[in-house]
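Any read-out appearing in this document is the output of simple, stated calculations on the displayed coordinates, not a laboratory observation. Here the structure is a predicted model, which means the values were calculated and not measured. For neighbour counting, all protein chains shown are included, and Cβ atoms are generated from backbone atoms with ideal geometry for every residue, glycine included.
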Amino acid sequence: MFETPGNEALTAILAACPLRAQVTDNATYCGQWRDNEPNHDAAWFHLISSGECWVEMKSLPQRLHLRAGDFVIFPQGSAHTLCGKAGARSDDFTTMICGELHFVPRGRNPLREGLPEIFVVREAEGGAAFQRLGELLCQECHRKEAGSQAVLDKLAEALFAMALRQFLLSGADRRGLLAALADPRLAKALAAMHARPGHDWTVAELAGIAAMSRTAFAEHFAQIVGESPIHHLTRWRMLQAQLLLADPRRSVVAVAQELGYQTEAAFRRRYKEIVGHGPGL
């Protein structure tokens, strides 16, 4: 299952756009309650560990009901309100694990851009592994052992990766690069492009991999991904460049050559154009 073009492309996206999860709260609510979360630079997530609650957002036509085991993510860090049921008694409890997802690199991130304002993975839909991982996260929250925060954060990262996979399998609304993964022809071209970012790709060559005419491929790619194949390749190269340059042993010249640029000056111009500042800053 890991050899299909869609899976290869998704693996490359996750590798090029790593994220850092941070569990920030193991919250307990009782009776009638409301908790307002503001807009945030990072993504929000909540795992309902017991009880139930509702989500209110401006973009939601009606309140969203969550039960124990459900995992809700707000990829764009959108403001929202969590609340209990009306008329709840003082002994009606809801507990949840809350946290943040920090996408790397910051700014324009193809993974984050492809996700909606909110998505939910229900416990019943996530499968046995998803359920077990959620249980492990809840159990770890009650431990006070050395390194517990690090374990919690890694478990949350894994839970998000599984939630993302379930989101893609569900056929839910997706945009940009994630939408292209559902197209077998585009997925083949993306997998090739992502695997060899330093290759001197042409639209005609990528179209051949997708088994499409050059014109049809270019138009279809732009329609689904939201940018031309060559512009996407350039942005992908700059994502790789940011990861490579994080290693102090790699020079700008070496990274430029690895990513297919003939001169350091050309690489520096393109890097500043896409990232917003020069390499090494």
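If packing is taken as the average number of other Cβ atoms within 10 Å across a peptide's residues, how do 268-277, 220-229 rank, most packed first?
Working: 268-277: 15.2, 220-229: 18.3.
Descending mean neighbour count gives 220-229, 268-277.
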Among all the aspartates and glutamates, which ones have a C-alpha under 15 Å from Lys85's C-alpha, if same-chain residues fewer than 8 places away are not counted? Asp35, Glu52, Glu56
Length gain on complete extension for the stretch Thr81 to Lys272, per 0.36 nm per residue less the alpha carbon to alpha carbon distance? 64.9 nm
Taking the reciprocal of mean 1/r across every pair of different Cα atoms in segment 48-107, the Kirkwood radius in Å is 13.1
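Suppose the chain between Leu60 and Ser90 were pulled fully straight at 0.36 nm per residue; how much longer would it get relative to their current alpha carbon spacing? Could you put the intermediate results ahead of the total?
Details: separation 30, 0.36 × 30 = 10.80 nm, distance 2.82 nm.
Using 0.36 nm per residue and subtracting the Cα-Cα distance, I get 8.0 nm.
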Gained length - Cys98 relative to His142, 0.36 nm times residue gap less alpha-carbon distance: 14.5 nm
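State the volume of the convex hull built on the alpha-carbon positions of segment 195-260, expressed per residue in Å³ and rounded to an integer. Walk me through the numbers on the way to the answer.
Values: hull volume 5.1 nm³, N = 66.
Dividing the Cα hull volume of segment 195-260 by its residues yields 77 Å³.
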In a Gaussian network model over the chain where Cα atoms closer than 10 Å are linked, find which of His142, His231, His199 has the largest mean-square fluctuation. His142
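To the nearest 0.05, how large is the calculated FRET efficiency for Arg108 and His199 if R₀ is 30 Å and r is the Cβ-Cβ distance? Don't skip to the answer; put the middle values down first.
Numbers: r = 23 Å, r/R0 = 0.76.
Computed FRET efficiency for Arg108 and His199: 0.85.
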Rank Ser90, Ser213, Ser251 by mean-square fluctuation in a GNM of the chain with C-alpha springs under 10 angstrom and give only the top-ranked residue. Ser90
Which of the helices in the chain meet the span-like rule: DSSP H, Cα axial reach of 18 Å or more, Kyte-Doolittle mean at least 0.0? 148-170, 229-245
How far is it, in nm, from the label point at Ala182 to the one at Arg132 when both lie 7 Å from their Cα along the line to the Cβ? 3.0
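Cα-based Rg of segment 99-240 per 2.2 N^0.38 Å, rounded to two decimals? It would help to have the intermediate numbers written out before the result.
Details: Rg = 18.4 Å, N = 142, 2.2 N^0.38 = 14.5 Å.
After normalising by residue count via 2.2 N^0.38 Å, the value is 1.28.
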Output ordering of 152-164, 32-44 (per-residue mean of other Cβ within 10 Å, highest first) is 152-164, 32-44
